[in-house]
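What follows is a set of notes on a single structure, which appears directly below.
The values are calculated or read from the model by the stated rules, or taken from the named source; none is laboratory data. Everything numeric in this text was worked out from a predicted model, so none of it was measured. Every residue, glycine as well, gets a Cβ built from its backbone with ideal geometry; the counts of neighbours run over all protein chains shown. With ligands, DNA and RNA removed, areas are computed over all heavy atoms of the protein, side chains included. Shrake-Rupley method; radii C 1.70, N 1.55, O 1.52, S 1.80 Å.
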Amino acid sequence: ELLEDIEKFQVQTRAALKELPPNSREFRELIEQGRQLAVELPEIAKLRQEAQQAEWLDQVRETLAASGRVTLDVMRPLIESGSKLAPNPAVEKAMAELQELVTISERWEEKAQICLEARYVAGFRDREGGEGTCLNRP
């Protein structure tokens, strides 16, 4: 009976690993099922790796979908945790998209800072009636 359970587990695992998009919940269920077999199977290590990747991808999707505003403080830790995962095309694609969003956001932050500084200088000049030394002030 144990041999049949192992074979059934291996068939389910192969099917789950081929599934796109990967289902993190199914991976976790299979990992638990594999533990209950009381036999160390090589598929469990692969399931753990795939589960981590799928959970990270779920987190990225939820973060980008649920938040009307995603800040750099949210994206940077996602990129950091994604960089620790085993290579995977879906993870690499998501990482590239996150990095692109970070780059765009940083550019917008720089532009906003320049505009704020320009408004501050212009406002200072208007109030003081001259050039002043506002560039040296905080």
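For residues that are free of Cβ contacts under 8 Å to residues at least 12 places away in the same chain, closer than 21 Å to GLY82 by Cα and open to solvent by 60 Å² or more (accessible area, probe 1.4 Å), tally how many sit in the stretch 19-58. Step through it out loud before you land on a result.
Step one: filter the stretch 19-58 for residues free of Cβ contacts under 8 Å to residues at least 12 places away in the same chain, giving 19-20, 25-26, 29, 32, 35-36, 38, 40, 42, 45.
With the extra rule that they be closer than 21 Å to GLY82 by Cα, the set shrinks to 19-20, 25-26, 45.
If we keep only those that are open to solvent by 60 Å² or more (accessible area, probe 1.4 Å) too, we end up with 19-20, 25, 45.
Number of matching residues: 4.
Counting only residues that are assigned to a helix (DSSP H, G or I) and open to solvent by 50 Å² or more (accessible area, probe 1.4 Å), how many does the stretch 59-102 have? Before you say what the answer is, go through the steps one by one.
If we filter the stretch 59-102 for residues that are assigned to a helix (DSSP H, G or I), which is where we start, we get 59-66, 72-83, 89-102.
Still in the running and open to solvent by 50 Å² or more (accessible area, probe 1.4 Å): 59, 61-62, 64-66, 73-74, 76-77, 80, 83, 89, 92-93, 96-97, 99-101.
Residues flagged as assigned to a helix (DSSP H, G or I) and open to solvent by 50 Å² or more (accessible area, probe 1.4 Å) within the stretch 59-102 amount to 20.
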